[in-house]
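Encoded as C-alpha cells, the structure appears first; notes follow it.
Nothing in this text is a laboratory measurement; each read-out follows from the coordinates by a stated rule. Please read these numbers as outputs of a predicted model, since none were measured by experiment. All Cβ positions, even for glycine, are placed from backbone atoms using ideal geometry, and neighbour counts span all protein chains on display.
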C-alpha cells in the first residue's frame with residue numbers, strides 16, 4: 001500500500017510539474033528576455049552623482065538574490081562602481097549575488113582553515129583571500145573583455161566607414177556593426193544603437209558607451225564623431241584614419257612586449273624559485289623544512305619572504321610597464 005501511494009504521489013507530482021512547466025515557463029522566459037533587453041538599453045547620465053540613483057530610460061529591475069541589497073547599493077558610490085565592474089566584465093549577475101558569493105566563500109574558507117590550521121591569523125587571511133576572489137575574477141574578466149574589444153575595434157571602425165561610404169546613415173551603420181560583429185564589440189554597439197533608437201540623443205548614447213568601455217580608442221572615436229556632427233566633414237575618412245592609428249598602436253604595443261619579455265620572465269622565475277626550492281627541500285630533507293613551519297621565527301620568516309616576494313614582483317611589473 002505504501003509503495004502504491006508513493007508511486008501515485010510521484011506520478012501525480014510529475015504530471016502537475018510538467019503541466020506547470022509547460023504552462024508558466026514560456027511566460028517566465030519571455031519576461032526574463034524582456035527585462036534583459038530593457039537592462040541593456042538602460043542609461044545612466046555620465047555626469048550624474050554616483051551616490052544618487054542614476055536617471056535611466058527605463059527603471060532597472062533588481063534580479064539578484066537580495067533585491068533590497070541591490071536597491072541599497074544603487075544609492076552608494078561603492079555599489080555604483082561594483083555595478084559598473086559587473087557590466088564591463090560582461091557577466092550576467094548583480095551586486096547582491098557577488099556579495100553573497102563573496103560572503104559564502106569567505107565564511108567557508110575561514111571555517112575550513114580554523115578547523116585544520118590552529119593559528120590565530122590564518123582563518124582571517126584565508127577569509128580575506130576567499131572573499132576577494134569573486135572581485136578579482138570580475139576584474140580579470142573585465143580586463144580580458146576590454147583587451148578583446150580593443151583588438152576587434154578597428155574592424156568595427158572599418159565596417160562603419162564602409163557603411164557610411166555606401167550611403168547609410170551613421171545610426172544605421174551602428175546597427176550593422178551590432179549585427180555583424182561578435183562579442184564583445186557587437187553587443188556594446190547594440191546597446192548604443194538601441195539606446196538612441198529608443199529616443200536617447202546620440203550624443204548621450206555615445207558618451208555612455210565611452211563611460212562603459214574605458215578605452216582610449218573609444219574616447220577618440222566618440223570625440224571624433226561628435227565633433228564631425230557639429231562641424232561637418234568626411235566621417236568615413238576620419239574613421240579610416242582612426243582605424244589606422246589603432247592598428248599602429250597595436251604594432252608598437254607588440255614590439256614593446258617583445259622587448260620587455262626578458263623582464264617579465266625574470267619576475268616569474270624569481271617569484272616561482274623560492275616555492276620550487278621549498279618543495280624540493282621538503283622531499284630531500286623534510287625535518288629541516290618542518291622546523292621552518294613549526295617554529296615561530298620560521299613562520300615570521302615565511303611571512304616576510306611572501307611579502308618581499310610580492311613587493312618585488314609588483315616592482316618588476318611596474319618597471320617593465322610601458323604605456324603605449
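Rg and Dmax, both from the Cα atoms of the stretch 195-324 and both in Å, are 25.8, 78. Normalised by the number of residues in the stretch 146-256, the average gap of Cα pairs under 8 Å and 6 or more apart makes the relative contact order 32 percent.
Average projection, convex hull of the Cα set of the stretch 95-190: 7.9 square nanometres. Peptides 300-308, 72-80 ranked from most to least packed, by the mean per-residue count of other Cβ atoms within 10 Å: 72-80, 300-308. With viscosity 1.306 mPa s and temperature 10 °C, the Kirkwood radius over alpha carbon pairs of the stretch 146-256 converts through Stokes-Einstein to a diffusion coefficient of 113 µm²/s.
Diffusion of the stretch 260-324 by Stokes-Einstein, at 25 °C in a medium of 0.890 mPa s and with Rh set to the Kirkwood radius over alpha-carbon pairs, works out to 184 µm²/s. Counting 0.36 nm for each residue step from residue 301 to residue 143 and taking away their Cα separation leaves a gain of 53.4 nm.
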